[in-house]
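Each remark here refers to the structure printed beneath this line.
The values are calculated or read from the model by the stated rules, or taken from the named source; none is laboratory data. Values in this document were obtained by computation on a predicted structure and should not be read as measured data. Backbone-built Cβ (ideal geometry, glycine too); neighbour counts: all protein chains shown.
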């Protein structure tokens, strides 16, 4: 592959000397002409094919002339001449088909190469974007960009470009033909062609058409996102005896999409009818001219032959121009899709340090860290400072929405801090290479994701170089051994295969096994035990305690019993650190944590939460 369709890393850069990305049709043509030789070859062959398609019509003209000349004496017809004309017509029709096929071969090769490079660059770029980008952009939206927006470019290059070339060549071919036969009738044929171009420009090239297509694409993206969410939530929908109408977001997006489709149909109904009326009735423009000119014709016979030819010729026009109409419609849709892809490509990845640093110790320190989400009215974090020491567990607790998960995300540079610094071993994480930072942190997300692969392959994602024995050992450490051995093929069972269903807790433990296998010096657990029962949670805690020697462990939890033995508990509320210390010290202080513990212990005693809190620690 000689060229990349786009340079993801330079996209959107504002530095002097960096070329500004083209927009509109210029961008679409830039992408289409990346494989210039193949595309120009396809367009040239399409033009020649369009010219060849007129040959049978011209042959019909000469056949009619020959038949008319010997109408009274058919025995004198020149059979050889008639046969030769027949073969010429056959060669023209066959040549048009073969040339168009060759044009499509070239255009498809160009389309596949361009598509491959654009998808490669797009996926590389979104992989290089901070993880925060992916939490803010739904998977349905990115899937649509990759599968539909980019895929439609293939149709434009492979099919529509040759049609555009052929359609725009038709007026030129018409001018040539009218110069050979009767220029007056030729001009009469050219008038409806030019009118059809004008109708398409007015209908599909205006601002209202662009605005409508933008809204249409947005509604399609929203429907895709809602569809993905609906499919994932079908068990909940069925459990509460709901239907698609009960799942309001999905129902709303379907109705919005339907409304835009109906609006599209109504808005372009009249231009479409006018276009079809003109292009399918070219003879209506010819007949008045034929009537006007027939009376003054010097050679009535020649004029009659020319009139017949142009009436036959007019029948060949609709096919190419109907293709051009669909090219105009699809071109606007493709262009809007490419603009959305470019908007993602213009999202810059986090800057990498020119001279990346590494660290020799793994304590994590937050130094006056502040952070605000894009578009948020209030800061998510404000001047947060604390240290998570190597070799002990640091627990982040507090009410929902207080900023606990945001703090964990900042460790992996999901987002860039607005103020202050996050340091590991005294080194600012912005001075580390992203790949290195990822290698020293194991993150177990609250939302579990397992690939449709074997249990073993899912665990080996943590460390592709690990052996089967090491993966199995990690699974046992995460308390997975018992349920994995009960699966049909054990560790070789494909997750998601027929009759293979894992509970939420089992899926969570497999993800923990993946993190254990990675054996990174820093472990971040975001509600990692949310789906485990008390017995398995206790086993996982014991496993983690054996694994945290010389490691930094950060746990985010709402179940306070989970973090009671942590070396440090940091209470986060409204984006600020309100307390920090050990469990007993915080209880003695009688502050925010003590009140949280009292509420938690009281709920447990009343049977809410399913856990019993030891009386000596309840302080109820």
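Structure above, values below:
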read-out: Residue count for segment 516-526, restricted to those that are surrounded by fewer than 24 Cβ atoms within 10 Å (Cβ to Cβ) and at pLDDT below 85; value: 1
read-out: Residue ID - modelled with the lowest pLDDT, chosen from residues in segment 27-64 that are surrounded by fewer than 18 Cβ atoms within 10 Å (Cβ to Cβ), more than 30 Å from residue 82 (Cβ to Cβ) and over 22 Å from the mean Cα position of the chain (by Cα); value: 33
read-out: Number of positions in segment 48-67 that are in contact (Cβ under 8 Å) with a residue 60 or more places away in the chain and assigned to a helix (DSSP H, G or I); value: 10
read-out: Residue in segment 532-539 that is part of a loop (DSSP other than H, G, I, E, B), closer than 29 Å to residue 561 by Cα and either modelled with pLDDT of 85 or more or touching a helix residue (DSSP H, G or I) at 6+ places or on another chain (Cβ under 6 Å) (or both) present; value: yes
read-out: Set 408, 477: member being under 33 Å from the mean Cα position of the chain (by Cα), within 22 Å of residue 564 (Cβ to Cβ) and at pLDDT below 90; value: 408
read-out: So residue 413, is it touching a residue at least 60 places away in the same chain (Cβ under 8 Å), assigned to a loop (DSSP other than H, G, I, E, B) and within 17 Å of residue 522 (Cβ to Cβ); value: yes
read-out: Qualifying residue in segment 320-338 (condition: surrounded by 17 or more Cβ atoms within 10 Å (Cβ to Cβ) and modelled with pLDDT of 75 or more); value: yes
read-out: Test set (1) assigned by TED's automatic domain parsing to the domain that holds residue 565; (2) at pLDDT 90 or above; (3) within 30 Å of residue 122 (Cα to Cα) - residue 396 fails condition number; value: (3)
read-out: Options 402, 420, 391; residue that is surrounded by fewer than 22 Cβ atoms within 10 Å (Cβ to Cβ), in a strand (DSSP E or B) and touching a residue at least 12 places away in the same chain (Cβ under 8 Å); value: 420
read-out: Enumerated helices (runs of 4 or more DSSP H) restricted to segment 448-502, each holding at least 3 residues that are within 14 Å of residue 512 (Cα to Cα) and in contact with a helix residue (DSSP H, G or I) (Cβ under 6 Å, 6 or more places away or on another chain); value: 455-460, 468-477
read-out: Lone qualifier among 115, 99, 104 - being touching a helix residue (DSSP H, G or I) at 6+ places or on another chain (Cβ under 6 Å), over 20 Å from residue 373 (Cα atoms) and modelled with pLDDT of 85 or more; value: 99
read-out: Residue in segment 68-79 that is touching a residue at least 40 places away in the same chain (Cβ under 8 Å) and either assigned by TED's automatic domain parsing to the domain that holds residue 158 or in contact with a strand residue (DSSP E or B) (Cβ under 8 Å, 6 or more places away or on another chain) (or both) present; value: yes
read-out: Residue 591 at pLDDT 85 or above, in contact with a strand residue (DSSP E or B) (Cβ under 8 Å, 6 or more places away or on another chain) and on the phi > 0 side of the Ramachandran plot; value: no
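Condition check ((1) part of a strand (DSSP E or B); (2) within 19 Å of residue 404 (Cβ to Cβ); (3) over 32 Å from the mean Cα position of the chain (by Cα); (4) at pLDDT 85 or above) across all residues:
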| site | (1), (2), (3), (4) |
| --- | --- |
| 514 | no, no, no, yes |
| 528 | no, yes, no, no |
| 546 | no, no, yes, no |
| 553 | yes, yes, yes, yes |
| 569 | yes, yes, yes, yes |
